[in-house]
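Working notes, beginning with the structure itself.
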Amino acid sequence: MGCDIVTVSTDTQFSHLAWQRSEKELANVRYQMGADPTGKVSRMFGVYDESTGLDLRGTFIINPEGKLLNMEMNFYNLGRNIDEMMRKFKANIYMSKKTNEVCPSKWKDEGDKTLVDPGAKMVGKVHEALNT
Amino acid sequence: MSDTCIGLKLGQIVPDFELATYDPVRGDFGKFSLRDQIARERWSILFFYPADFTFV
């Protein structure tokens, strides 16, 4: 899919190594684990919590031109849904190829119904557009 | 009082940045750079979380 996932926390890369090698839940991890101990990158993305020195649960999707297309942020106690992250990622890839289509709320995967050329003609007629 | 703010705006070009990384596939340390991602025409998903050795 031409995508790289990077996890990031304010732990060092040494901590990531130790964690990945000891925690069986992480045994099959194939993505890079990024370290931001100074918090510089985390502050830039707005996830750094000055009162704890830890990052909030933020996810950011950046396209191959470096443009930020999506962000999601949760507080410490709420885990993110990975299926939802993949749904949004697939939607963004699809729309980057089909620039005249938009993905409505029920869109889950390529092949699902999209709205094509939304414009003046579709105003007040979204129900018809979704159900034909 | 915690002090967080949204640093970036949707739709903007993200400023170049680098992160030291641990790569479990190679079993070695490496580097992630946005400039390299753009040069290789790859999408990036950044997944921030609070701390290693914790739960959720």
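If the Cβ limit is 7 Å and pairs must be 6+ apart or interchain, which residue in region A:113-126 that is under 12 Å from A:E101 (Cβ atoms) pairs with which residue that is among the charged types (D, E, K, R) and surrounded by 14 or more Cβ atoms within 10 Å (Cβ to Cβ)?
Here the result reads A:T114/A:E101; A:L115/A:E101; A:V116/A:E101, each pair linking region A:113-126 to a residue that is among the charged types (D, E, K, R) and surrounded by 14 or more Cβ atoms within 10 Å (Cβ to Cβ).
State whether one or more residues within region A:67-86 are loosely packed, with under 15 Cβ neighbours inside 10 Å and under 15 Å from B:T21 (Cα atoms).
No, every residue in region A:67-86 fails to be loosely packed, with under 15 Cβ neighbours inside 10 Å and under 15 Å from B:T21 (Cα atoms).
Would you confirm whether or not region A:84-91 contains a residue that is in contact with a Leu (Cβ under 7 Å, 6 or more places away or on another chain) and either at the interface with chain B (Cβ under 7 Å from one of its Cβ atoms) or in contact (Cβ under 8 Å) with a residue 24 or more places away in the chain (or both)?
Looking through region A:84-91, none of the residues is in contact with a Leu (Cβ under 7 Å, 6 or more places away or on another chain) and either at the interface with chain B (Cβ under 7 Å from one of its Cβ atoms) or in contact (Cβ under 8 Å) with a residue 24 or more places away in the chain (or both).
Each reported figure results from applying straightforward, stated rules to the coordinates on display, with no laboratory input. Keep in mind that what you see is a predicted model, and the values were worked out from it rather than measured. Here Cβ is always computed from backbone atoms with ideal geometry, including for glycine, and neighbour counts include all displayed protein chains.
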